[in-house]
1. Show which aspartates and glutamates lie in cross-link reach of LYS82 when reach means a straight Cα distance below 19 angstrom and same-chain residues fewer than eight apart are skipped.
2. Enumerate the amide H contacts of PHE149 below 5 Å, restricted to partners 5 or more residues apart or on another chain; note that Pro and chain-start residues carry no placed amide H.
3. Ignoring everything but the protein chains, give the 1.4 Å probe accessible area of THR187 in square angstrom, nearest 10.
4. Could I have the simple spin-label model distance between LYS246 and LYS89, label points 7 Å from Cα toward Cβ, reported in nm to one decimal?
5. ³J(HN,Hα) across segment 145-150 via Karplus (A = 6.51, B = -1.76, C = 1.60, θ = phi - 60°), whole Hz, x for Gly/Pro?
6. Using the structure shown, select from LYS229/LYS256; LYS89/LYS272; LYS212/LYS272; LYS145/LYS194; LYS142/LYS194 the pairs with a Cα to Cα distance greater than 18 angstrom.
7. Express the accessible area of segment 108-210 per residue in Å², computed with a 1.4 Å probe while the remaining protein chains stay in the model.
8. Can you give the FRET efficiency for THR187 and LYS145, using 1/(1 + (r/R0)^6), R0 = 45 Å, r = Cβ-Cβ distance, to the nearest 0.05?
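The values are calculated or read from the model by the stated rules, or taken from the named source; none is laboratory data. As the structure is a computational prediction, the values presented were derived from the model and not from experiment. Using ideal geometry, Cβ is built from the backbone for each residue, glycine included, and neighbour counts are taken over all protein chains shown. To get the accessible areas, we keep the full protein, side chains included, count just its heavy atoms, and leave off ligands, DNA and RNA. Shrake-Rupley method; radii C 1.70, N 1.55, O 1.52, S 1.80 Å.
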Amino acid sequence: MKEEQSRKRRRGKHKKPQKTQPSLLPKHSTKLHKKTHQQKNPAHQSSSSSLKSSSFLDKMKARLAGGHFRMINEKLYTCTGKEALDYFKEDPELFDMYHAGYQEQMSHWPELPVNIIIKWLKERSSSLIVADFGCGDARVAKNVKNKVFSIDLVSNDPSVISCDMSNTPLRPSSVDVAVFCLSLMGTNYASYLKEACRVLKPSGWLLIAEVKSRFDPNNGGADPNMFSKAVCEMGFTSALKDFSNKMFVLLYFKKKENKSSNGREIEWPELKPCIYKRR
């Protein structure tokens with residue numbers, strides 16, 4: 001019994017006591033350290049909220065701009081050229097608003113008809129005089145060497161002739177090519193084509209690009225054959241109909257050397273408005 005107790009005492013002597021490392025930080029500092037990690041940086045939080053606010057405002061502005069564009073667009077398709085001219089004269093800023101919305105819509109198209117028309121002109125003599133009816137940003141004039149009369153209702157560009165497209169200041173038989181690129185808007189669109197016929201020289205070209213749905217009789221659009229017949233009765237021959245693009249059609253006409261009038265009134269088909277959907 002005594003031996004066993006002495007063995008226990010000897011083992012106790014050899015056993016080293018465990019040392020505890022004293023903490024270099026006070027107790028309350030570790031709690032503070034944890035809290036610091038849990039709390040968000042106020043500067044980052046403020047920056048994030050301002051970015052969200054800016055993004056929200058941009059979206060709201062885009063929606064408002066889109067709404068204004070659709071309203072103006074519908075107005076232009078459902079009134080006469082003179083009414084549209086008066087409309088923009090009252091508030092010229094609406095015209096800029098419309099064209100900003102128009103450019104945004106065009107940015108979604110895989111191919112633009114104006115570029116095809118520009119290519120067509122570049123493949124021909126630069127001596128051809130062009131009248132661009134409903135020119136918008138005058139892209140045709142800016143991209144070809146030809147003399148181009150850029151015509152539209154209103155414009156900030158001094159090179160653009162601002163007028164009703166059914167009554168331009170151009171002289172009779174003074175141009176070689178008349179262009180309507182997505183511009184047969186208005187209930188009196190036929191009067192624009194008659195004006196183009198007046199200013200075109202004999203054997204001059206009439207190029208028309210329009211939204212495909214406007215010439216889709218299965219979905220409320222006009223019969224393209226009926227439209228072509230009406231243009232031909234005005235004094236043209238149909239040279240080409242291009243329906244290959246999914247977004248638009250291209251119609252090419254050539255003015256006859258001698259117009260033979262039969263005295264009958266031309267029956268023009270109604271072209272349905274092109275109403276853009278909300279994106």
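1. GLU74, GLU90, ASP91, GLU93, ASP96, ASP132, ASP152, ASP164, GLU195, GLU270
2. Answer set, sorted by chain and number: VAL130, ALA131, ASP132.
3. Surface accessible to solvent at THR187 totals approximately 90 Å².
4. 4.3
5. Calculated HN-Hα couplings, in order: 8, 5, 6, 10, 8, 8 Hz.
6. Pairs exceeding 18 Å: LYS89/LYS272; LYS145/LYS194; LYS142/LYS194.
7. About 40 Å² of surface per residue is accessible.
8. Step by step, r from the Cβ atoms, then E = 0.80.
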